[in-house]
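The numbers here are math on the coordinates, done by the rules we state, and not lab data. All figures in this text were calculated on a predicted structure; none of them were measured in a lab. Positions of Cβ are generated from backbone atoms using ideal geometry, with glycine treated the same way; all protein chains shown enter the neighbour counts.
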Amino acid sequence: MDDLSDRIYTAFEPRMPSALEQALEVVERDVRARGITGALRLITPGDGALTWVEFQGGYHGAGIIADGDINDLLADVAEAVQETIMELTWKVWPVCATHDRGLHVGCEQGLTVWRCTGDGTHTAAPVGELP
Ligand SMILES: [Zn+2]
């Protein structure tokens, strides 16, 4: 490939959504399922090594390093969304509908899930599928 065709190929290559963006789309379903509005997006300031979840223009936490497999990424993004939303709204999110307790990200049979500590711990739903 010469320089020109290299440039053309790059210019016309469709931009693929990154794994982080896909993970955020999954977690965003849970955010909207609970009636939370407000812009959610990924921001990567500086040298691009770390990504934050921005909600309503603010962000919190240590940032996400985009490595590991998709379940690790999904767990990282879910925790980052949770941390940021709770910090900016001063409300617990998400909450177990049965026990009225805050849920935590966990892993069950290879799936990233929301877990509740009520009644000796149970899984509320896979991340992205909160009722
Ligand atoms: Zn529960």
Looking at segment 74-116 only, could you name the residues that are in contact with a Lys or Arg (Cβ under 7 Å, 6 or more places away or on another chain) and under 22 Å from THR37 (Cβ atoms)? TRP93, PRO94, VAL95, LEU103
Count, please, the residues in segment 31-61 that happen to be of a type in the set (Gly, Ala, Ser) and over 29 Å from ALA97 (Cα atoms). 3
Out of segment 86-123, which residues are of a type in the set (A, V, I, L, M, F, W, C) and within 21 Å of ASP72 (Cβ to Cβ)? LEU103, VAL105, CYS107, LEU111, VAL113, TRP114
